[in-house]
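Sharing a structure with you now.
The values are calculated or read from the model by the stated rules, or taken from the named source; none is laboratory data. The model shown is predicted, which means the values in this text are computed figures rather than measured ones. All Cβ positions, even for glycine, are placed from backbone atoms using ideal geometry, and neighbour counts span all protein chains on display. Each accessible area value is taken on the protein alone, full model and side chains, heavy atoms only, with ligands, DNA and RNA left out. Shrake-Rupley method; radii C 1.70, N 1.55, O 1.52, S 1.80 Å.
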Amino acid sequence: GELACTNRRPVKMPFTRFVEIGRVALINYGPEEGKLCTIIDVVDQNRALVDGPYGITGVHRQVINLRRLSLTDFKVKIGLNARAKSLKKAWAAAGVQEKWAATAWAAKRASRSAKASLTDLGRFKAMLAKKTRAKKVKTAFNKLKKSA
Amino acid sequence: MPMKHFQVVGRKAPTESDPEPQLYRMQIFAPNRVTAKSRFWYFLHQYKKMKKTTGEILSVNEIFEKNPAVVKNFAITLRYNSRSGTHNMTKEYRDTRLTGAVDQMYQEMAGLHRARKESIQIITTNVVEPKDCVRPSVVQFHDSKIRFPISHRRPRVEKRFKKTFSPFRPNTFVG
């Protein structure tokens, strides 16, 4: 008998970020951790050829394992194996640096690294700032509570 | 073991009757120069009547990849001994360096056919144009608009944070 085919392809994939030429990714492991890079070619299922561009992000052209990449939402318009010059132009045209800095992801990374690099004086100042804020919140809250 | 690509040139030791013996050159994939010289003699004494004691190696030069910033398709023709016979194979790999493709080949042969390095002889290696590639595992990447999601992300956990038991199943969807 014939199999009743109930296999319907989803119209929309749940994935929004793809490994593709021009995809901007964050390196999340290794010596270049924390730097942005662009996928300029795919080697195979697990590896991609990646370039900063070096002049902008400090990542040399290299093969990197996809496990070491976190894909971002950004994509630049380049051809296969784009040269560093055209890659830089594409980055400027797409405004990746500004867009990335504006994301919550980048802001979180920046604040975390800032916190981790605090000196004892910095931590003390942070503690004082937290106390001041907490005091303001509590007085306003208590006032509201009383008037309610 | 990461392989290096060497060119080894050797000849039979010169004698009075033969002061300028024929030079023989081989391309050898070996982890180091010492092993390269050894493999040179291993092959040479099968083809010609000379050995390490009767011959001399004139040069061992490492050959470096001309352009390691470009992904290429490599075809490796090899010959290997299985448990019950010896066979020829042609395998294709995608890599930026020939030595990388050779490493992949040794790993694949060990995994798929249980063939160790000692049982494998590389006959030829070639860079292949995408249109001439045959193996589907290589051909599927010949797409200028290649696009695929990372569908199964295994979380990378630092060794000190690894737990034996977890109340949650891992989340492999990152988007």
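Mind checking which lysines have their Cα closer than 21 Å to the Cα of residue B:52? Skip sequence neighbours fewer than 8 apart in that chain.
Partners found: B:12, B:37.
In addition: Would you mind working out the accessible area per residue for the stretch A:98-148, using a 1.4 Å probe, and quoting it in Å²?
Details: 4730 Å² over 51 residues.
About 93 Å² of surface per residue is accessible.
Quick check: pseudo-label points 7 Å beyond the Cα along Cα→Cβ at residue B:174 and residue B:45, how many nm apart are they?
5.2
Strictly over 30 Å apart at the Cα level, which of A:35/A:89; A:88/B:145; A:131/B:162; A:35/B:162; A:85/B:159; A:135/B:159 would you flag in this model? Don't jump to the answer; show the numbers that get you there.
Numbers: A:35/A:89 19 Å; A:88/B:145 20 Å; A:131/B:162 35 Å; A:35/B:162 25 Å; A:85/B:159 40 Å; A:135/B:159 41 Å.
Among A:35/A:89; A:88/B:145; A:131/B:162; A:35/B:162; A:85/B:159; A:135/B:159, the Cα-Cα distance tops 30 Å for A:131/B:162; A:85/B:159; A:135/B:159.
Could you state the angle between the C-alpha long axis of helix A:84-94 and the longest principal axis of the C-alpha atoms of chain A, as a value from 0 to 90 degrees rounded to the nearest 10?
50
Something else now. Given a Förster distance of 45 angstrom, what is the FRET efficiency for residue A:142 paired with residue A:121, based on the Cβ-Cβ distance and rounded to 0.05?
For residue A:142 and residue A:121, the calculated efficiency is 0.90.
By how many nm would the segment from residue B:58 to residue B:108 lengthen if fully extended, with 0.36 nm per residue of separation less the alpha-carbon distance?
Values: separation 50, 0.36 × 50 = 18.00 nm, distance 3.36 nm.
Result: 14.6 nm gained on full extension.
Full-extension gain between residue A:86 and residue A:131, please, as 0.36 nm times their residue separation minus the C-alpha to C-alpha distance. It would help to have the intermediate numbers written out before the result.
Working: separation 45, 0.36 × 45 = 16.20 nm, distance 5.06 nm.
Here the segment from residue A:86 to residue A:131 would lengthen by 11.1 nm.
Further, regarding this structure: Give me the distance between the Cα centres of the stretch B:1-46 and the stretch A:102-126, rounded to whole Å.
Cα centroid to Cα centroid, the span is 59 Å.
Of all accessible surface on the stretch B:88-172 at a 1.4 Å probe, what whole percent is carbon and sulfur? The partial results should precede the final answer.
On the way: 3110 of 6210 Å².
Of the solvent-accessible surface of the stretch B:88-172, carbon and sulfur hold 50 percent.
Sticking with this one: Viscosity 1.306 mPa s, temperature 10 °C: give me the Stokes-Einstein translational D for the protein assembly as shown in µm²/s, with Rh taken as the Kirkwood radius over C-alpha pairs.
Values: Rh = 25.0 Å.
Diffusion coefficient, whole number: 64 µm²/s.
Just checking the output field for B:126-134: average partner chain Cβ neighbours within 10 Å of each residue's Cβ?
Values: counts 0, 0, 0, 0, 0, 0, 0, 0, 0.
Rounded to a whole number, the mean comes out at 0.
Going by a 1.4 Å probe on protein heavy atoms, which residues of the stretch B:148-175 end up with at least 50 Å² less accessible surface in the whole assembly than in their chain alone?
B:148, B:149, B:150, B:153, B:156, B:173, B:175
Expressed in nm to one decimal, what extension gain is obtained for the pair residue A:62 and residue A:45 from 0.36 nm per residue of sequence separation less their Cα-Cα distance?
Numbers: separation 17, 0.36 × 17 = 6.12 nm, distance 1.59 nm.
Gain on extension, residue A:62 to residue A:45, equals 4.5 nm.
To one decimal place, what orientation-averaged projected area in nm² is obtained for the convex hull of the Cα set of the stretch B:24-94? Don't skip to the end; give the middle numbers.
Details: hull surface 26.9 nm².
About 6.7 nm², averaged over all directions.
Something else: Would chain B count as rounded, prolate or oblate if I go by the C-alpha gyration tensor, calling it rounded below 1.5 in a/c and otherwise prolate when a/b exceeds b/c, oblate otherwise?
Prolate, since a/c reaches 1.5 and a/b exceeds b/c.
Local charge sum around residue A:104 (other residues, Cβ-Cβ under 15 Å, Lys/Arg +1, Asp/Glu -1)?
Details: positive: A:99, A:108, A:109, A:112; negative: A:73, A:98.
Net local charge, residue A:104 excluded: +2.
For residue B:116 and residue A:77, FRET efficiency with R0 = 51 Å and r from the beta-carbon atoms, rounded to 0.05? Intermediate values should be presented prior to the final figure.
Working: r = 47 Å, r/R0 = 0.93.
That gives a FRET efficiency of 0.60.
Take residue B:87 and residue B:128, extend 7 Å from each Cα along the Cα→Cβ direction, and tell me the distance between the two endpoints in nm.
Each label point lies 7 Å from its Cα, and together they span 1.7 nm.
For the peptides A:90-96, A:47-53, what is the packing order when you average, over each peptide's residues, the other Cβ atoms within 10 Å and list the highest mean first? Write down the numbers at each step before the final one.
Values: A:90-96: 16.0, A:47-53: 23.3.
Packing order, densest peptide first, comes out as A:47-53, A:90-96.
Based on C-alpha coordinates, I'd like the Rg and Dmax of the stretch A:7-80, in Å.
13.1, 48
Let me ask another. If we count every other residue with Cβ under 13 angstrom of residue B:4's Cβ, Lys/Arg +1 and Asp/Glu -1, where does the sum land? If you can, show how the numbers build up before the last one.
Working: positive: B:33, B:37, B:39, B:97; negative: B:62, B:65, B:103.
Neighbour charge sum, excluding residue B:4 itself: +1.
Go through the stretch B:12-66 and name the chymotrypsin sites (Phe, Trp or Tyr not before Pro) that are in a DSSP coil and have 13 or fewer other Cβ atoms within 10 Å of their Cβ. Mind showing how you got there, number by number?
Details: sites: B:24, B:29, B:40, B:41, B:42, B:43, B:47, B:64; in loops: B:64.
Here the sparse-neighbourhood loop sites are B:64.
Which of these, B:147, B:11, B:135, has the largest mean-square fluctuation under a Gaussian network model of chain B (Cα springs below 10 Å)?
Of B:147, B:11, B:135, the most mobile in the Gaussian network model is B:147.
Taking chain B as a Gaussian network, Cα atoms linked when under 10 Å apart, which of B:54, B:124, B:96 shows the biggest mean-square fluctuation?
Highest fluctuation among the options: B:54.
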